[in-house]
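Taken together, the values in this text are just the output of simple stated rules run on the coordinates, not laboratory data. From a predicted model like this one, the values you see are computed outputs, not experimental measurements. Cβ placement follows ideal geometry from the backbone for every residue including glycine, while neighbour counts extend to all protein chains displayed.
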Amino acid sequence: MNRTHKLSIILIAIVLIALFSAGCAEQQATTTTQPTEIKVGVIASLTGPASNVGKNMWQSAQVAADEINAKGGVSVGGAKVPLKLIVGDDESTQQGGQKAATQLITGDKVDILVGGYSSAVTSAYEQTVAEYKIPFVVTGASSPIITHRADIDTSYIFHHCPTTDTYGQYTTKFIDQVVRPAVNAKLGASADRPFRLALLYQDTAFGKGVQTAVNDTITKEKLNIVLVSQQSFKMGESDFRTPLTAIKAANPDAVYLGAFPNEGAPAITQGRRDIGLNTIYLNVENNDNAQFYKDLGQYGEGAIIESRFSPYTAPAGTIAQAQDTFKNAYYAKWGTYPDMMGASTYEGVYIATQAITNAGTTDKAKVRQALVDLNMPQIIEAMKGGTISFSKDYRESQFDLWMEQLSYNATIGECRPFIVWPDNLRVTGFVLPSWYTPGSA
């Protein structure tokens, strides 16, 4: 064998060895990048003023995880991978939220985040989310600043709950179209009598968002509503008699509360029981909460809640069956019924895992793109068009909303909700209670 022939054989051998090594490396890389579990971080308020709702969010997330794991886990690249939830308690404070987010992202190294309730708390740790570019499906914080702010990159943050802009506008239109005519009829006043509305709102991004939405809607829609009093309070307060006294002196036809359930219930109770402010109290959707109904008791009679999921009612149709299944699973595990923020967090876990399935990987950028492109069937809440997707501008999902009025059930000692608006969903009409006192004629 000549020298040239030997060199050729050696070169061929080197090439074969290199190809073999590359194949092994590729196989090893594929093996190492295939996750052994999908880690979803859930940020919730397990302690502090928002703990009533926060615990519901965390417990609802666990119901979703149980269901997903019972079916083998999350599908990634054709294989089923177990889902692991890791909770971070934001303690209802900005500092607690920052600590929880940092631990989940850098310590626990979760693949995606779900949750967030207080807008003030959530907005405080968004910088960390932006810095590490981790996908975050927000299921509770409702201020539009969550995805609208321009001081940081919010492109990895997706909003799966209506914003204060949306439900503030919706509630204000309900007041104008339904409550205002009823009050004028009771007074025997002309149809053009201005409606006298008062606001009592949490002095945070959430509460101020409600206040802004009401003011903007009245102005833009040229509604015949005058704001006779606008009173704020600090998050977590429990004594509202001073601002309620000021509101009563303004003679309102109704009071719109931008409050958490642990604030709204005592505000309404103190208003009616202690101040004698016998009016219609309108509540933001987060108050559609089982504990809220317990805390209100008889004083919730006639109150209004804007809603998209309730522990005690649902619009007729297929969505009602899906909600009942979730409610029963939640009750079987926790012995009580889920609330609205729990429902959206339950869905948030499904959204997060569907995005990972669609991406075929836990790579953060690819999962983010899968959320951008997401178009999945509605789960337990009625969505616009029957699908869950995020808007291209601010990555917000779009819900169908309704208004409920509470009726006291003396047998159980609690109020129960009945849908009164819009007309295609209502089960009964809006009524003014016999004890209702309107504002000045």
Item to complete: Please give the length that would be gained between residue 372 and residue 226 if that part of the chain were fully extended, namely 0.36 nm times their separation in residues minus their C-alpha to C-alpha distance (nm, one decimal).
Response: 48.5 nm
Item to complete: Whole Å is fine, so just give me how far the alpha carbon centre of segment 38-82 lies from that of segment 143-177.
Response: 24
Worksheet entry | Assigned charges on the beta-carbon of Lys, Arg, Asp, Glu; the chain dipole about Cα centre (debye) | 540
Worksheet item: Where does helix 340-359 land angle-wise versus the long Cα axis of the chain, in degrees 0 to 90, nearest 10?
Response: 20
Discussion item. Rounded to two decimal places and with Rh computed the Kirkwood way over Cα pairs, what is Rg over Rh for segment 272-367?
Written reply: 1.13
Discussion item. Given a Förster distance of 45 Å, report the FRET efficiency between residue 437 and residue 155 from their Cβ-Cβ distance, rounded to the nearest 0.05.
Written reply: 0.35
Worksheet entry | Length-normalised contact order for the chain - Cα pairs under 8 Å, 6+ apart - percent | 16
Worksheet item: Which number do you get for Rg(Cα) / (2.2 N^0.38 Å) in segment 366-441?
Response: 1.68
Response to the item:
For residue 225, the residues 5 or more places away or on another chain with a placed amide H closer than 5 Å to its own amide H are 195
Response to the item:
With the charge dipole of the chain built from beta-carbon charges (+1 for Lys and Arg, -1 for Asp and Glu) about the Cα centre, the Cα from 75, 162, 65 projecting farthest to the positive end belongs to 75
Item to complete: Estimate the FRET efficiency between residue 251 and residue 325 by the formula 1/(1 + (r/R0)^6), using the beta-carbon distance for r and 60 Å for R0, to the nearest 0.05.
Response: 0.80
Worksheet item: Evaluated at 37 °C with a viscosity of 0.692 mPa s, what Stokes-Einstein diffusion coefficient in µm²/s does the chain have when Rh comes from the Kirkwood expression over alpha-carbon pairs?
Response: 141
Fill in: Computed label-point distance, nm, for sites residue 364 and residue 298 using a 7 Å Cα→Cβ extension
5.6
Worksheet item: What does the charge dipole of segment 112-228 about its Cα centre add up to, to the nearest 20 debye, if the Cβ of each Lys and Arg holds +1 and the Cβ of each Asp and Glu holds -1?
Response: 560
Worksheet item: Label points 7 Å out from Cα along the Cβ direction at residue 34 and residue 173: separation in nm?
Response: 5.1
Worksheet item: Among the trypsin sites (Lys or Arg not before Pro) within segment 319-400, which fall in a DSSP loop and have no more than 11 other Cβ atoms within 10 Å of their own Cβ?
Response: 392
Worksheet, complete the sentence: Expected sort for 389, 440, 60, 190 with the fewest Cβ neighbours (10 Å cutoff) up front is 190, 440, 389, 60
Worksheet item: Ranked by Cβ crowding within 10 angstrom, fewest neighbours first, how are 434, 307, 51 ordered?
Response: 434, 51, 307
Fill in: Mean residue ellipticity (222 nm) of the chain, computed from DSSP H runs ≥ 4 via -39,500 (n - 2.57), nearest 500
-13500 deg cm²/dmol
Worksheet item: What lysines could a cross-link reach from residue 109, if we take a straight Cα to Cα line under 22 Å and drop same-chain neighbours fewer than 8 places away?
Response: 39, 80, 84, 99, 133, 364, 366
Worksheet, complete the sentence: Projected onto the charge dipole of the chain (unit charges on the beta-carbon of Lys, Arg, Asp and Glu, signs +1, +1, -1, -1), the Cα from 329, 185, 104 with the largest positive-side position is that of 104
Worksheet, complete the sentence: Computed on Cα atoms only, the convex hull of segment 163-228 has an orientation-averaged projected area in nm² of 4.3
Worksheet entry | Rounded tilt (10° steps) of 51-70 against the dominant C-alpha axis of the chain | 40
Worksheet entry | Per DSSP, loop trypsin sites (Lys or Arg not before Pro) in segment 187-265 with at most 13 further Cβ within 10 Å | 222, 234
Worksheet item: Relative to the longest principal Cα axis of the chain, at what angle does helix 119-132 sit, 0 to 90 degrees, rounded to 10?
Response: 10
Worksheet item: Over the C-alpha atoms of segment 66-154, what are the Rg and the largest Cα-to-Cα span, Dmax, in Å?
Response: 14.3, 42
Worksheet item: For the residues 187, 223, 244, 200, what sequence is obtained by ranking on other C-beta atoms within 10 Å, fewest first?
Response: 187, 223, 244, 200
Worksheet item: What does a probe at residue 216 reach in segment 110-147, counting residues whose amide N is under 16 Å from the point 7 Å along Cα→Cβ?
Response: 142-147
